[in-house]
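What follows is a single structure, written as structure tokens, with notes after it.
The values are calculated or read from the model by the stated rules, or taken from the named source; none is laboratory data. Remember, predicted model here, so these are calculated numbers, not experimental data. The area values use the complete protein model at the heavy-atom level, side chains included, leaving out ligands, DNA and RNA. Shrake-Rupley method; radii C 1.70, N 1.55, O 1.52, S 1.80 Å.
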Amino acid sequence: MTKVLLSLHVLTALIAVGPVTVAASMFPATLRRAQGDGDGDARTTLRTLHRICRVYAGIGIAVPLFGLATAGSLGVLGDGWLITSILLTAAAAAVLALLILPAQDRALAVATESALPQAPPVAPGRLAMLTGIFNLLWAAVTVLMIVRPGSTTGA
């Protein structure tokens, strides 16, 4: 059962987190294009990238659920590497849900001129920084999942 849970955990991480990291990383450059010349194609791409981020973020909730089930099956719920991974995952989720997705919402509203007139434009550089932080958090989690410092399970 552990191998099934681990397989589901890894597959869900690849399928859910991968598209979010790519789409979120592409959003700031596309936003610059949309802000620069009002390119209609860029606005359409912004909508698509934001939709990818939102949908796959929702699917991504399954990643820690399968991860916790796998950890329980392996008997490593109290290990330091896992607790650190859980905290980093929570931080990545918070950055995405509280900072990146709302900034993308605002940027899309301004780019499509559906925002309130006083809405300030979103700085693509700030959004790129937040996305970089999100990606680094996931990279750290991935390394911890592979290296598992102090683990004695051998799995």
Centre separation in Å (Cα based) which lies between region 53-74 and region 1-49: 17
Accessible surface, the chain, averaged per residue in Å² (probe 1.4 Å): 54
Relative contact order [Cα under 8 Å, 6+ residues apart], the chain, whole percent: 31
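From largest to smallest, what semi-axes in whole angstrom does region 46-153 give when each is the square root of 5 times an eigenvalue of its alpha carbon gyration tensor? Please report the intermediate quantities before stating the final value.
On the way: eigenvalues 243, 36, 17 Å².
Semi-axes (√(5λ), whole Å): 35, 13, 9.
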Heavy atoms of Thr112: accessible area, 1.4 Å probe, square angstrom to 10: 50
Degrees, to the nearest 10: 80-94 long Cα axis against longest axis of the chain: 20
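Within the accessible area of region 5-127, what % is carbon and sulfur when the probe is 1.4 Å and the other protein chains stay in place? Present the calculation step by step, with values, prior to reporting the outcome.
Details: 4290 of 6320 Å².
In region 5-127, the share of accessible area belonging to carbon and sulfur is 68 percent.
Using only alpha carbon positions, build the gyration tensor of region 1-96, then give the equivalent ellipsoid semi-axes as the square roots of 5 times its eigenvalues, largest first, whole angstrom.
Values: eigenvalues 240, 35, 12 Å².
Each semi-axis is the square root of five times an eigenvalue, giving 35, 13, 8 Å.
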